[in-house]
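The values are calculated or read from the model by the stated rules, or taken from the named source; none is laboratory data. In this text the structure is predicted, and so the values were computed from the model without any measurement. When we count neighbours, we look across all protein chains shown, and the Cβ atoms used for this are built from the backbone with ideal geometry, even at glycine.
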Amino acid sequence: MAHQLEIELKTPEQIGLMRRAGLVVADALERMRAAVGPGVSTAELDRIAEETIRAAGAVPSFKGYHGYPASICSSVNDQVVHAIPSPRQVLREGDLISIDCGADLDGWHGDAAITVAVGEVRPDLRGLVRAAEDAMWAGIAAAARGARSGKGRLTDISFAIQSSIRKAGRYGIVEGYGGHGIGSAMHQDPFVQNTGRPGKGVSLRPGMALAIEPMITRGRPKVAELDDGWTVVTLDGSVAVHVEHTMAICDDGVWVLTAHDGGRSRLGELITAREPVPAAE
Ligand code: MF3
Ligand code: CO
C-alpha cells in the first residue's frame, strides 16, 4: 500500500511562530555570509551559527539530528550537501561554499541555505549560483501562483525548478535529495522533487510550509555519499551549489519565512499580505 502522506497544516498563528524561527536562520546565515573569506574554517562558521541561534533562544535543529554533530552543513566546491564543518577545512580564494542552517524556536523550525563565493570565483561559477537561486525562486513563485489559483499541485514546484535550471544552461540537477515539508519538525511530508512533470502530487493548500532546495552541478548530476555517512559529493568532481528557503503557503500568496524581506524583492505581489510592508525610510 502506498505511504499515506501526513501533511501538517499550520494555522496563521503557527506560521507566525515559524516566521520567528525563520528569521533566526536568516540572521545566522547573514552573519556567516559576512564572515566567509580566505583563511576562515568551516568550523568557525559553525561556531557563529550556533552562537547566533542560541542567543536568539533557539536550538540548532541539525545538531543531534540522526547523530549529526554540528549546527550547519558547509559544502565546499564538489561537496553538494551535508558536509560536516571542520577546523581543518579552511576556505581559499575561488571556493564556493553552500551553508545550510536550521533553527528550532519554541518547537517550530526554519531551514535555509545560501551559497557564498570566497573572494573572486570563476565567472561560470557565478552563473551556477545564479541558476540555483533563480530556480529556487521559480519554485517558490510556482507555489504562490498555485496558492492563488487554488489549483496548484506539488510537482508544479518541481517542474518550475527544473525548467528554470534547463533554461539557465547545461547543469546537472541532483536527484534523490530535495525539499520537504517543515513545521513542528524539520523534515516532514511531502518530499519536494527538483525535477518532474507538473500537475501531480498533493494540492497546494494554505497552511502548508515547504523547504524548497535545488541542488545543481557544473557537470553530471550523479552524486555519492562519503564514508562519514553524511557528505554528499559529485561523482565527476564538478562544483555543486545548494540554496534553500522555507516558505509558507497562505491564501493570497506565499511567505518566505527565512528571507528577511519575506520574499518581496524576488516575488513582488506574489508575496502574502501577511508580511508587513516595510516602513518608508
Ligand atoms: N537542511 C538539510 C536538509 O533539508 C538538513 C540537513 S540535516 C543534517 O536536507 F542532519 F545534516 F543536519
Ligand atoms: Co531542508
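Just one residue in the set D104, D100, D156, D111 is free of Cβ contacts under 8 Å to residues at least 60 places away in the same chain, buried (at least 18 other Cβ atoms within 10 Å of the Cβ) and charged (D, E, K, R); that residue is D156. Inside segment 14-40, residues that are more than 17 Å from the chain's Cα centre (by Cα) and in a helix (DSSP H, G or I) make up a count of 6.
Restricted to segment 36-95, and to residues there that are of a type in the set (D, E) and within 16 Å of ligand 1 (Cβ to nearest atom), the residue that is nearest to T234 (Cα to Cα) is D46.
Tell me, yes or no, whether segment 47-58 has at least one residue that is surrounded by 21 or more Cβ atoms within 10 Å (Cβ to Cβ), closer than 30 Å to G201 by Cβ and modelled with pLDDT of 95 or more. For segment 47-58, residues surrounded by 21 or more Cβ atoms within 10 Å (Cβ to Cβ), closer than 30 Å to G201 by Cβ and modelled with pLDDT of 95 or more: absent. Do we find that S61 is of a type outside the set (V, I, T) and touching a Lys or Arg at 6+ places or on another chain (Cβ under 6 Å) in this structure? In short, no. Candidates are the residues of segment 244-281 that are among the aliphatic types (A, V, I, L, M) and modelled with pLDDT under 95; the one that is surrounded by the most Cβ atoms within 10 Å (Cβ to Cβ) is I271. Looking at G181, G169, which is the one that is modelled with pLDDT of 95 or more and in contact with a His (Cβ under 8 Å, 6 or more places away or on another chain)? Among G181, G169, only G181 is modelled with pLDDT of 95 or more and in contact with a His (Cβ under 8 Å, 6 or more places away or on another chain). S184 meets the conditions (1) crowded, with 17+ Cβ neighbours inside 10 Å; (2) out of contact with any Leu (no Cβ under 7 Å at 6 or more places or on another chain); (3) of a type outside the set (D, E, K, R); (4) within 22 Å of G107 (Cβ to Cβ) in every case but one. The failed one is (1). Scanning segment 1-25 for residues that are among the polar types (S, T, N, Q) and loosely packed, with under 12 Cβ neighbours inside 10 Å gives Q4, T11.
Where residues in segment 105-138 are in contact with a Pro (Cβ under 7 Å, 6 or more places away or on another chain) and of a type in the set (G, A, S), which of them is farthest from ligand 1 (Cβ to nearest atom)? Step by step, filter segment 105-138, then rank; the result is G119.
For G119, the conditions (1) farther than 22 Å from Q14 by Cα; (2) out of contact with any Asp or Glu (no Cβ under 6 Å at 6 or more places or on another chain); (3) touching a residue at least 24 places away in the same chain (Cβ under 8 Å); (4) among the small types (G, A, S) all hold with the exception of (2). Taking segment 56-97 as the search range and keeping residues that are without any contact (Cβ under 8 Å) to a residue 40 or more places away in the chain, outside any loop (DSSP other than H, G, I, E, B) and more than 14 Å from M32 (Cβ to Cβ), which one is farthest from ligand 2 (Cβ to nearest atom)? Filtering segment 56-97 for residues that are without any contact (Cβ under 8 Å) to a residue 40 or more places away in the chain, outside any loop (DSSP other than H, G, I, E, B) and more than 14 Å from M32 (Cβ to Cβ), the one farthest from ligand 2 (Cβ to nearest atom) comes out as G67.
Against the criterion of being away from ligand 2 (no atom under 16 Å from the Cβ), free of Cβ contacts under 8 Å to residues at least 12 places away in the same chain and in a helix (DSSP H, G or I), R47 qualifies.
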